[in-house]
Amino acid sequence: MASFFGEVLPPRSRILDDEDLDAMEEGFCEEFKVTSPPELEKNLLIVCEGSLPGVYTQLCFNNIQACGEILGKSSDKEVSYGKIFRGSNWTVVTCEHDLKQQEFLNLGNTILGLMDKGCQIICLTARHISEFRVEEMIEDESVVRCLSSKSFPATDAVKRLEIPNLLTGLSAAILSIAIVKGLPCFLLVNYVDLFTPDSMTLQGYQSIFKLKCLQESSLEKPNVSEALKSRQLFRPSNNLYI
């Protein structure tokens, strides 16, 4: 298990409850493979954990189809765990598949296998606002926080995630691996009320364009509301925010 709140916790660092034991008894994928693997990315690798960051990154590039997939074998059949998109100086991996704890590190290592030395890693994820712990929060404040490895260029673009907040999942696993291997990695977590993509829930990801590596890439900072409408990634009848 990968957990993160400013330090790397070993897999057996806490007592397992009944739900953890049940999860360990269920089947999980131990190996992943990349179909049509592209050349190793030398500049920027963006990993999107969940549907919200996946939708957001697709607003940042135009008319680019997936160039590959990450597959895992589950119950003797191959299942798609993620899609790979490639631009002139960036690679985006979207992963919307529900993962088990035992899959975080293996999938994280497979994704990092797409990059070359010197490539910078950006992990995007989302959590429900009820998971955010802070002594005092300003009402209507957009809650976006970050964690990063020491080798990632210092930045004050986003507030650092406060203790005692805890992150688990694919993004936390990738950041943990990056810290151990000395790789430059930046994790952004967007705390939201809903997991429906709209101009409110996706706005937090605009912060990544304060980072130099994004500014130097060919990805474009979108007008979220207009982009959602034009690309029909959003249905107004299901949400009040446009």
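Restricting to the stretch 82-103, what's the tally of residues that are in contact with a helix residue (DSSP H, G or I) (Cβ under 7 Å, 6 or more places away or on another chain) and at pLDDT 95 or above?
Counting residues in the stretch 82-103 that are in contact with a helix residue (DSSP H, G or I) (Cβ under 7 Å, 6 or more places away or on another chain) and at pLDDT 95 or above gives 4.
Kindly indicate which of Thr196, Thr201, Thr155 is out of contact with any Cys (no Cβ under 9 Å at 6 or more places or on another chain), open to solvent by 20 Å² or more (accessible area, probe 1.4 Å) and assigned to a loop (DSSP other than H, G, I, E, B).
Details: Thr201 fails: open to solvent by 20 Å² or more (accessible area, probe 1.4 Å); Thr155 fails: out of contact with any Cys (no Cβ under 9 Å at 6 or more places or on another chain).
Of Thr196, Thr201, Thr155, the one residue that is out of contact with any Cys (no Cβ under 9 Å at 6 or more places or on another chain), open to solvent by 20 Å² or more (accessible area, probe 1.4 Å) and assigned to a loop (DSSP other than H, G, I, E, B) is Thr196.
Have a look at Arg145, Arg133 and point out the one that is open to solvent by 50 Å² or more (accessible area, probe 1.4 Å), more than 24 Å from Pro37 (Cβ to Cβ) and free of Cβ contacts under 8 Å to residues at least 60 places away in the same chain.
Of Arg145, Arg133, the one residue that is open to solvent by 50 Å² or more (accessible area, probe 1.4 Å), more than 24 Å from Pro37 (Cβ to Cβ) and free of Cβ contacts under 8 Å to residues at least 60 places away in the same chain is Arg133.
Would it be correct to say that Arg86 is of a type in the set (Lys, Arg) and in contact (Cβ under 8 Å) with a residue 40 or more places away in the chain?
Working: of a type in the set (Lys, Arg): yes; in contact (Cβ under 8 Å) with a residue 40 or more places away in the chain: yes.
It is true that Arg86 is of a type in the set (Lys, Arg) and in contact (Cβ under 8 Å) with a residue 40 or more places away in the chain.
The values are calculated or read from the model by the stated rules, or taken from the named source; none is laboratory data. What you are looking at is a predicted structure, and each value in this text was computed from that prediction instead of being measured. Because the Cβ atoms are built from the backbone with ideal geometry, glycine has one as well, and the counts that use them run over all protein chains shown. Ligands, DNA and RNA are excluded from the accessible area calculation, which covers all protein heavy atoms including side chains. Shrake-Rupley method; radii C 1.70, N 1.55, O 1.52, S 1.80 Å.
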